[in-house]
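J.: Below you will find the structure I want to go over with you.
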Amino acid sequence: MIFRSVKTIKKCLPQANSLFRPFTTTATATTTSSTNIAGTTIITPKITDTISGVDNPIIEKKVTTPPQPIKPVVLNGKLLSSHIKESIKKDTADFIKNSGITPHLVVIYVGDNKQIESYIKAKKTGCEEVGFRFTLDRFSSDITEAQLIKKIKYHSEDPSVHGIIVQLPLPENINRDNIIQAIDPKKDVDGLTSINMGQIMVSKKPLFIPCTPLGILEIFKAYNIKLEGKNVAVLGRSNLVGRTIATLLSQKDMSNPSIMGGANVTTFHKYSKSYHHLLKNADVIISATGVPGLVKKEDLKKGVILIDVGINYKEDSSKKSGYRMVGDVDPESYEKSIAYTPVPGGVGPLTVACLLRNVLKSSILHYRIQCSRLRAGVENNIVDKKEKDLKSDNKNNQ
Ligand SMILES: NC(=O)c1ccc[n+]([C@@H]2O[C@H](COP(=O)([O-])OP(=O)(O)OC[C@H]3O[C@@H](n4cnc5c(N)ncnc54)[C@H](OP(=O)(O)O)[C@@H]3O)[C@@H](O)[C@H]2O)c1
């Protein structure tokens, strides 16, 4: 079994009882193992049911629980992300105290799309929650590629900036790759420059892993989902999500615990022909296509784990906004799964939490570089400064 149930079995107790009516049943939960979800210990109970037969009260027999509909576990990205953010907030306060540096994220955005603005707002709120600085550098769609590159270079060289994100997609007249490569890889908190992507490809530890794949790994780790030797189907092959998570999960070197490997990964994309029957082989499906309802119940094997990355909007007159957010997975599929990420509240919040973690990591990295340059300067008598002076310099530069 690749999955250790979280609260499922406890939740299923009333269900188990109703199954055995008109018998009297006593379900005993014995603690057998525990799982740690970001500081919260989750107990995995083992259940034995004792059934007292009503027809024949003399017989009291112990039976193994017959197959029963187990409610799938909701892989709660929202809860997990709030635990991660709490720990980032604490680490940030310590870091600011010791270094005088306030982590600073800059988001570069071209356009005026309301939905994209809501993603930017989530990043801004996340930064405020953990004590970071946040700057939105916004441009109208008539900006040229050269002007945008100049802006990125400016932020790349600004010592008060620790993370730079270019909010995608970009207008068609701008080459996305040229823009991303202009970001200093040491500030590339989205992990999309060729240096960071390349490190993943050659199984080295990159400075930054793209935030959504990182969020998916967080779910696997928190819920103790082991993937070695398991069949994983990845739908979508973008650098931002599909290709990166597929590469990470199929790594040969599994010594780095932050990068899971060892899975048998199959990737599907727009040109994959009639592949849906192949999904029946998958123990885990990760869908990142932006096609609502693409993953359907009839294509799945029982007990699959569903990770739904898709963010799509469907008209819904019952909502104030007139639409509601849906994923790539048809919700009817959940009943065939053993666990799934909901939309909203699954992968999305973790993407933001992992972005914040990358920004803090980048800030620490920049501080270390500052300190080692300072030490080298002092040793060579180039500067006459002490590390404590650096802290007040940093404070003044913010
Ligand atoms: N939850 C989050 O935090 C988060 C973060 C990032 C993205 N997203 C969402 O995830 C989805 C994907 O994002 P993205 O940036 O990766 O998008 P993208 O760059 O547009 O990539 C979509 C991928 O899906 C593939 N695809 C399209 N139709 C398909 C089909 N019928 N069967 C199999 N593959 C198909 C495409 O194939 P080709 O390569 O052949 O075109 C492409 O590789 C979007 O809904 C996006 O909003 C969510």
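J.: Applying a 10 Å radius around every beta-carbon, put 277-286, 261-270, 146-155 in order of their mean neighbour count, most first.
T.: Ranked by mean Cβ neighbours within 10 Å, highest first: 277-286, 261-270, 146-155.
J.: What list of ³J(HN,Hα) values in whole Hz, one per residue of segment 72-79 in order, does the Karplus curve 6.51 cos²θ - 1.76 cosθ + 1.60 (θ = phi - 60°) give from phi, with Gly and Pro shown as x?
T.: These are the phi-based 3J(HN,Hα) values: x, 7, 8, 7, 8, x, 5, 5 Hz.
J.: Say the cut-off is 21 Å between C-alpha atoms; which of Lys78/Lys302; Lys89/Lys114; Lys151/Lys186; Lys85/Lys151 go over it?
T.: Checking Cα-Cα distances, Lys78/Lys302; Lys89/Lys114; Lys85/Lys151 exceed 21 Å.
J.: Another question about this same structure. Starting from the eigenvalues of the Cα gyration tensor, five times each then square-rooted, give me the equivalent ellipsoid semi-axes of segment 118-174, largest first, whole Å.
T.: That gives 22, 16, 7 Å for the three semi-axes.
J.: Could you give the nm distance between label points at Lys205 and Glu335, where each point is 7 Å from its Cα heading toward the beta carbon?
T.: The modelled label-to-label distance comes out at 4.6 nm.
J.: So what's the gap between the Cα centers of segment 215-232 and segment 312-350, to the nearest angstrom?
T.: Each part's Cα centre sits 21 Å from the other's.
J.: Right, here's the next one. Between Glu128 and Leu278, what length in nm is gained on full extension when 0.36 nm per residue of separation is reduced by their alpha carbon distance?
T.: Full extension of this stretch gives 49.6 nm more.
J.: Extending each Cα 7 Å along its Cβ direction at Leu79 and Lys395, get the distance between those two points in nm, one decimal.
T.: It works out to 4.1 nm between the two label points.
All of the numbers you see were taken from the coordinates with simple rules; none came from a lab. As the structure is a computational prediction, the values presented were derived from the model and not from experiment. So basically every Cβ, Gly included, is an ideal-geometry build from the backbone, and we count neighbours across all protein chains shown.
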